[in-house]
Amino acid sequence: MSVVIRSISAYVPPIRITNDELAARVETTDEWIHSHTGIGARHIAPDGVQTSDMAASAAKDALEKAKVSPHDIDYIIVATATPDYFGFPATACIVQDKLGAYGAAAFDVTAGCTGFIYALNVASSMLEASHGRHALVIGADSLSRIVDWNDRSTAVLFGDGAGAAVVSRIDEAGRGCLSFILGADGGGAKDLYLVQPERTQAFSRQEPVVPVISMNGKKVYDFAVKSITVVIERLLHKTAYRLEDFSWIVPHQANARIVQAAARRFSIPMEKIFMNIEEYANTSAASIPLALSEMDEKGLLKPNDLVMLVGFGAGLTYGAAVVRW
């Protein structure tokens, strides 16, 4: 028995903002953004489009590709840091309704930019344990809604998008989701978080405010470089695979310099690492499935390719997965 990624799809918002366009609003330049991050543009959701809309759009395409009916879905797991409603209901429940996947269990996973890997592990484990058939694993974020567009240290980094995978249990061994490593360092929680009133009093009620991203850039950068190298080492040790066994390494698209530093550490040729951060920027939980969807559309993923997924993000969280395509 294996749990495989049967299909992968993505939704990219139509509004595209280049570095030059952003520089007209924030004190920065295209050259600075490119040289420090590798980002050239980002896409943001139009007014009125919520995280659930992007997630549902990506999920519908993934279901069509897989030829799986919404009625056959057992679980819907949405990884997001920007739910339609902070707290409840889960964005996954809203997606369930929009898809007509009535009866499917639906819940969200909050693990920042590592969210898709966390959700994929949860879905794989649940399908194995329950002998379920299909799950929808979705990474979706509308970070444009929580970015302070006057803060150039964060405004240049983020974009919106969604990616969805239909994950299925099949009676064939040695394929699909082969191994996972997940971890966190909660001591760095305030290095990347949403600034908002702290709820410390039972009867005190403050005016609602839109939370905004706050990031200690240096600490997050150091954590990312360290975590991506450590998690690769742990994954190789756990699985006994060698780096040369992998056809592709697909990292979270946070910063090109982070990935380049890790590649130098392991002497990995950049041609083996898929990057699309230049066009989409950091889309948080959407970045890995968005990258996989683009690779799939371009025919880069071949049957039996061994693929490593690596993520790191707010929490602080990190994780990696080995997938036999």
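The values are calculated or read from the model by the stated rules, or taken from the named source; none is laboratory data. Being a predicted model, the structure only gives us computed values, none of them experimental. Here Cβ is always computed from backbone atoms with ideal geometry, including for glycine, and neighbour counts include all displayed protein chains.
Checking each residue in segment 162-216 for being farther than 21 Å from residue 239 by Cβ and of a type in the set (Asp, Glu) picks out 171, 185, 191, 198, 207.
Scan segment 201-216 and give yes if some residue there is among the hydroxyl-bearing types (Ser, Thr, Tyr) and not in a loop (DSSP other than H, G, I, E, B), otherwise no. Within segment 201-216, one or more residues are among the hydroxyl-bearing types (Ser, Thr, Tyr) and not in a loop (DSSP other than H, G, I, E, B).
Listed by first and then second residue, the pairs with beta-carbon distance under 6 Å, at least 6 apart or on different chains, first residue in segment 210-229 and at negative phi, second in a loop (DSSP other than H, G, I, E, B) and surrounded by fewer than 16 Cβ atoms within 10 Å (Cβ to Cβ), are 211/196; 212/148. Picking from residues in segment 139-167 that are surrounded by 19 or more Cβ atoms within 10 Å (Cβ to Cβ) and among the polar types (S, T, N, Q), the one that is modelled with the lowest pLDDT is 154.
Residue-wise test of (1) modelled with pLDDT under 95; (2) surrounded by fewer than 17 Cβ atoms within 10 Å (Cβ to Cβ); (3) not in a helix (DSSP H, G or I); (4) not assigned by TED's automatic domain parsing to the domain that holds residue 110.
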| residue | (1), (2), (3), (4) |
| --- | --- |
| 253 | no, no, yes, yes |
| 261 | yes, yes, no, yes |
| 264 | yes, yes, no, yes |
| 279 | no, no, no, yes |
| 285 | no, no, no, yes |
| 288 | no, no, no, yes |
| 294 | no, no, no, yes |
| 299 | no, yes, yes, yes |
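Within segment 121-133, residues that are surrounded by fewer than 14 Cβ atoms within 10 Å (Cβ to Cβ) reach no partner that is of a type outside the set (S, T, N, Q) and at pLDDT below 95 with beta carbons closer than 7 Å at six or more positions or on different chains. Residue-level analysis places residue 33 among those that are outside any strand (DSSP E or B), touching a residue at least 24 places away in the same chain (Cβ under 8 Å), assigned by TED's automatic domain parsing to the domain that holds residue 133 and not hydroxyl-bearing (Ser, Thr, Tyr).
Filtering segment 279-288 for residues that are farther than 23 Å from residue 166 by Cα and aliphatic (A, V, I, L, M) leaves a non-empty set.
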